[in-house]
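Okay, so here's the structure we're looking at.
The values are calculated or read from the model by the stated rules, or taken from the named source; none is laboratory data. Here the structure is a predicted model, which means the values were calculated and not measured. Please note: Cβ atoms are built from the backbone with ideal geometry, for glycine as well, and neighbour counts cover all protein chains shown.
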Amino acid sequence: MKLVSPAGTSSSAQRVFVARWLSKNVYLVGGTFLLLMFVIAALFGEQIAPYGANKQNLLEALEGPSSDHWLGTDPLGRDLLSRVIVGTRHTLSVAVISVSLSCFFGVLLGLISGFVRGPLATAIDALVDVALTIPNMILAISIAAVMGAGMTGLIMAISISFTPPISRIVRGRVMEIREEDFIAAARTIGVRPWRILLRHVLPNAATVIVIEASLQAGQAVLTATALGFLGLGVQPPTPEWGTLLGYGREYLHVAPFMVIAPGLAISLMVLGFNLLGDGLRDWLDPRLGN
Amino acid sequence: MPALAGPKPILRYLGLRLLRAVAIAFAVVTIIFFLFSLVPGDQAAYLAGPGSTQAEIDKLREALGLNDPLLVQYFRHIFGLLQGDFGTSEVFKSGPLPFILERIPATLALTASAIGLTIVIGIPAGLVSAMYHTRIPDLAISVSVVALLAVPNFWLGLLLLSLFSVQLGWLPSFGFSGPAALVLPSLALAARLIALVARMTRGVTIDELAKDYVRTARSKGLGRTAILLRHVLRNVMIPTLTVIGLQTGYLLGGSVVIERLFAWPGIGDLMINAIGQRDYAVAQAVTIIFVIAFLVINLIVEFLYVLINPRMRAV
């Protein structure tokens, strides 16, 4: 232990406080900034991209990065930068739609199984227990295999396999809230259970749900692109990031640059969601931080 | 409950966990059966191949038992599984079990060496990070952790492949030809776990270093490294085990993608091949094997908990 003067303590404490405050908000600001860029790319992909995503030019096939094609071209002479930009919409919408669905059903199941006591809660609990035993990716692959390759199969695969974890987290939070005095008070004055659930329990669980949704979206991007890589996502010529990486793998010997951009795009989008989730956690619920 | 806990309560606890695992395995097999029964299209017509007559298709459908009610098919499936019958693979023209068993060692080698790498890299990284708390090594490791958690394992694998096999030619790029071939795929698979374990170890170590017993050890004249290795490391093992236990699902699911990337002859690669050939009996069998592996690993983790943590023995 170092001895410091009171003045020194307060100024260093202040510095630590400001530094910590800044570093926490760096996550939130950084994540939001990254995701905003992707939202813009998703909305205006065709306008931003220097070339058409599917415009072929066999005279310029497999060219390395140059001033004309910043990230090079693929074997059909398509501009890789344009394909990655236009592909943003697909991955972002799969992630957002799947996580919205998994959150809706996960929150519903979690609210019921955490709040109600009885056979219904036990049944939901058992079902979630069982579902959690199937590794996420394996479940997603099986669902995508059964549904067939495509956007619908992909969204179903991710939303179904992501529902059990969020329902488990919501259930835990609801069981905590259920024991709070204000819930007992509401019960005592005769507020109906479903009203307690929606007006008192849900708003108090919202923080956990929002944080979890953001972190899940990052995982959804990883799962969606992995399925694309395995050939279980949308089919070519749609420029999906995972599919682009699968395609690039075949040309690793002649055109290693083909795998740089799609992978970087996936990583940055996941990073954006992860930073947003961690930033939200620090901002909304300081107790949960590490 | 008697205050003095002998071996009996532990055995009862472990026995109950085992029973629970069996019940869950049964339920999962049921879910997987009904999931795969949703496969669209006429399976018999597909398997009979193009140019086959309606009579041939009908005969095949009858032979496969696809005309029976779903529930009958379900019970046949369950009784088959109990006898080790995983259905008939249309590609291999036999039960898929021998083909799966033949590929299990490759998957085991991949996942086991990923766990090994996680322990060998993740724990020291976390300890170093905690020792240099808020200084440059800590910063570098913490940034790497955030980055590794965002990078898809198959992209990391592609980059490693591109650098170490294609450009430098140091390591083989595909197949299971020996220990050298294990390096890249297991590193790609382990990256996420390494990051999680490093982060967890860092957090736990920072907490532990602030505790009284560390101060006592310091006052006895023990060096920082000795305290870390002799006292703190022990307390770090439990959270590490927890991370590995919680991430078993990732490990198994990730192995499918990594096996595909490195043409690794494991069961994940088999599963994706089977899906590509619409050989659903094999895909379903591999899914069941994965779930059983998941349950077994989780049981092992729970048993290890009891072994490592004396407090658990009193349950």
_Could you tell me how many of the residues in region B:263-278 are within 10 Å of chain A (Cβ to nearest Cβ) and either surrounded by 24 or more Cβ atoms within 10 Å (Cβ to Cβ) or in contact with a strand residue (DSSP E or B) (Cβ under 8 Å, 6 or more places away or on another chain) (or both)?_
3
*May I ask you to say which residue of B:ARG215, B:ARG202, B:ARG192, B:ARG135 is buried (at least 16 other Cβ atoms within 10 Å of the Cβ), farther than 22 Å from B:PHE262 by Cβ and of a type in the set (Lys, Arg)?*
B:ARG202
*Is it true that A:ILE189 is farther than 30 Å from A:THR91 by Cβ and modelled with pLDDT of 90 or more?*
yes
*Restricting the first residue to region B:279-302 and requiring it to be away from every other protein chain (no Cβ under 11 Å) and of a type in the set (Asp, Glu), which pairs with a second residue that is surrounded by fewer than 24 Cβ atoms within 10 Å (Cβ to Cβ) and part of a helix (DSSP H, G or I) meet a Cβ separation below 7 Å and a spacing of at least six or different chains?*
B:GLU302/B:ARG17
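Quick check: is even one residue across region B:214-229 within 32 Å of the chain's Cα centre (by Cα) and either touching a residue at least 40 places away in the same chain (Cβ under 8 Å) or within 13 Å of chain A (Cβ to nearest Cβ) (or both)?
yes
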*Selection from region B:31-53 of residues that are more than 9 Å from chain A (Cβ to nearest Cβ), part of a helix (DSSP H, G or I) and either of a type in the set (A, V, I, L, M, F, W, C) or surrounded by fewer than 18 Cβ atoms within 10 Å (Cβ to Cβ) (or both)*: B:PHE33, B:PHE34, B:ALA44, B:ALA45, B:TYR46, B:LEU47, B:ALA48
_Of all residues making up region A:207-239, the number that are surrounded by 24 or more Cβ atoms within 10 Å (Cβ to Cβ), away from every other protein chain (no Cβ under 13 Å) and in contact with a Gly (Cβ under 6 Å, 6 or more places away or on another chain)_ = 1
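Test A:GLY31 against the stated conditions and say whether it is outside any loop (DSSP other than H, G, I, E, B) and in contact with a Gly (Cβ under 9 Å, 6 or more places away or on another chain).
Criteria met by A:GLY31.
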*In region B:218-236, what residues are modelled with pLDDT of 85 or more and among the aliphatic types (A, V, I, L, M)?*
none
*Out of A:ALA145, A:ALA140, A:ALA95, A:ALA184, report the one residue that is part of a helix (DSSP H, G or I) and within 30 Å of A:LYS55 (Cβ to Cβ).*
A:ALA95
_Can you tell me which of (1) more than 7 Å from chain B (Cβ to nearest Cβ); (2) within 15 Å of the chain's Cα centre (by Cα); (3) of a type in the set (S, T, N, Q) is the one A:ASN274 doesn't meet?_
(1)
*Evaluation of A:PHE162 against (1) assigned to a helix (DSSP H, G or I); (2) at the interface with another protein chain (Cβ under 9 Å from one of its Cβ atoms) (one fails), failing number*: (2)
*Any chance B:THR205 is in contact with a Leu (Cβ under 7 Å, 6 or more places away or on another chain), within 14 Å of chain A (Cβ to nearest Cβ), among the β-branched types (Val, Ile, Thr) and closer than 17 Å to B:GLY116 by Cα*: no
_Residue satisfying condition, being of a type outside the set (Ser, Thr, Tyr), at positive phi and modelled with pLDDT of 75 or more, within set B:GLY80, B:GLY41, B:GLY87, B:GLY15_ = B:GLY87
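Quick grid of which residues meet (1) more than 14 Å from every other protein chain (Cβ to nearest Cβ); (2) within 28 Å of B:ASP279 (Cβ to Cβ); (3) surrounded by 20 or more Cβ atoms within 10 Å (Cβ to Cβ); (4) among the polar types (S, T, N, Q):
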residue	(1), (2), (3), (4)
A:GLY114	yes, no, yes, no
A:LEU120	yes, no, no, no
A:ASP125	no, no, no, no
A:MET137	no, yes, yes, no
A:ARG187	yes, no, no, no
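Residues checked against (1) surrounded by 15 or more Cβ atoms within 10 Å (Cβ to Cβ); (2) more than 11 Å from every other protein chain (Cβ to nearest Cβ); (3) out of contact with any strand residue (DSSP E or B) (no Cβ under 7 Å at 6 or more places or on another chain); (4) closer than 20 Å to A:THR225 by Cα:
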position	(1), (2), (3), (4)
B:ILE141	yes, yes, yes, no
B:ALA150	yes, no, yes, yes
B:ASN153	yes, no, yes, yes
B:LEU168	no, yes, yes, no
B:ALA180	no, yes, yes, no
B:VAL183	yes, yes, yes, no
*Being closer than 23 Å to A:LEU215 by Cα and small (Gly, Ala, Ser) is the filter here, so list the residues in region A:235-260 that pass it.*
A:GLY242
*Could you tell me whether A:GLY72 is over 28 Å from the mean Cα position of the chain (by Cα) and surrounded by 14 or more Cβ atoms within 10 Å (Cβ to Cβ)?*
yes
